[in-house]
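A.B. asks: Let me begin by handing over the structure; questions about it come next.
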Amino acid sequence: MAKRKISNTLALAVLGLLQERDMHPYEIASTLRERSKDSSFKINSGSLYDTVEALVRHEWIEPVETMRDGRRPERTVYGLTDLGRSEFVVWIDELIRVPVAEYPKFIAAVSYLGALGPEGAADALAERAGHLAQRIAEGRAALAATVGAGQVPRLFMIEVEYGLHAWEAELAWTQGIRDEIRAGSLTWPTGGTT
């Protein structure tokens, strides 16, 4: 598979929103946050503007209008090009079809869980379980406020649904390992090896 010119998933979010209508970067960021997409994409102003510049440089989007609202600075509105629309579809298709190696930090840390000792490991996993439970509650609330309230079709929030399933599976595993450690059924090596 050929290396993609732009692989930052924030670019994917920008292209996705510009499928709907032309927007300026501030509006893109606001819309992503309103739709709880900030759980899927890391959004900050600097990286968003860098991403927009890269998309323009590769001709996937283009400026369509510059506007001023009162004393505010000028805002450039961007639109999707035919090339951008095509690249977006190919990229989505590729990401859905072909699993890629991802390197989650949690899996890296779990590979050295033994370094914490039984009590430290159980406590760390218990705290993680609490954070996951909170994330799950927030995801459910986001779905209820959008899809459940009839504001957007389920398809537009399907990644939140996927995230909920992943977090629920991680929560179950985390609680199970924590319980095994506390029950003493997960044996710990002696002699200080991790």
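The values are calculated or read from the model by the stated rules, or taken from the named source; none is laboratory data. Note that this is a predicted model, so its numbers are computed, not measured. Glycine gets a Cβ as well: all are built from the backbone with ideal geometry, and neighbour counts include every protein chain shown. With ligands, DNA and RNA removed, areas are computed over all heavy atoms of the protein, side chains included. Shrake-Rupley method; radii C 1.70, N 1.55, O 1.52, S 1.80 Å.
A.B. asks: Hey, among L116, L143, which residue is within 30 Å of T187 (Cβ to Cβ), in contact with a helix residue (DSSP H, G or I) (Cβ under 9 Å, 6 or more places away or on another chain) and either at pLDDT 95 or above or assigned to a helix (DSSP H, G or I) (or both)?
C.D. replies: L116
A.B. asks: Hey, among A142, A122, which residue is more than 29 Å from Q19 (Cβ to Cβ) and small (G, A, S)? So that I can check it myself, show each step before the final result.
C.D. replies: Working: A142 fails: more than 29 Å from Q19 (Cβ to Cβ).
Selected residue: A122, the only one of A142, A122 that is more than 29 Å from Q19 (Cβ to Cβ) and small (G, A, S).
A.B. asks: Moving on to the next point. Given the condition open to solvent by less than 80 Å² (accessible area, probe 1.4 Å), in contact (Cβ under 8 Å) with a residue 60 or more places away in the chain, assigned to a helix (DSSP H, G or I) and not β-branched (V, I, T), answer yes or no: does some residue in segment 121-128 qualify?
C.D. replies: Yes, some residue in segment 121-128 is open to solvent by less than 80 Å² (accessible area, probe 1.4 Å), in contact (Cβ under 8 Å) with a residue 60 or more places away in the chain, assigned to a helix (DSSP H, G or I) and not β-branched (V, I, T).
A.B. asks: In segment 174-194, which residues are surrounded by 14 or more Cβ atoms within 10 Å (Cβ to Cβ) and not in a loop (DSSP other than H, G, I, E, B)?
C.D. replies: Passing the criteria: T174, Q175, I177, R178, D179, E180, I181, R182.
A.B. asks: When E87 is evaluated against the numbered criteria (1) among the charged types (D, E, K, R); (2) touching a residue at least 40 places away in the same chain (Cβ under 8 Å); (3) open to solvent by 70 Å² or more (accessible area, probe 1.4 Å), which criterion, by number, is the only one it fails?
C.D. replies: E87 satisfies every listed condition except (3).
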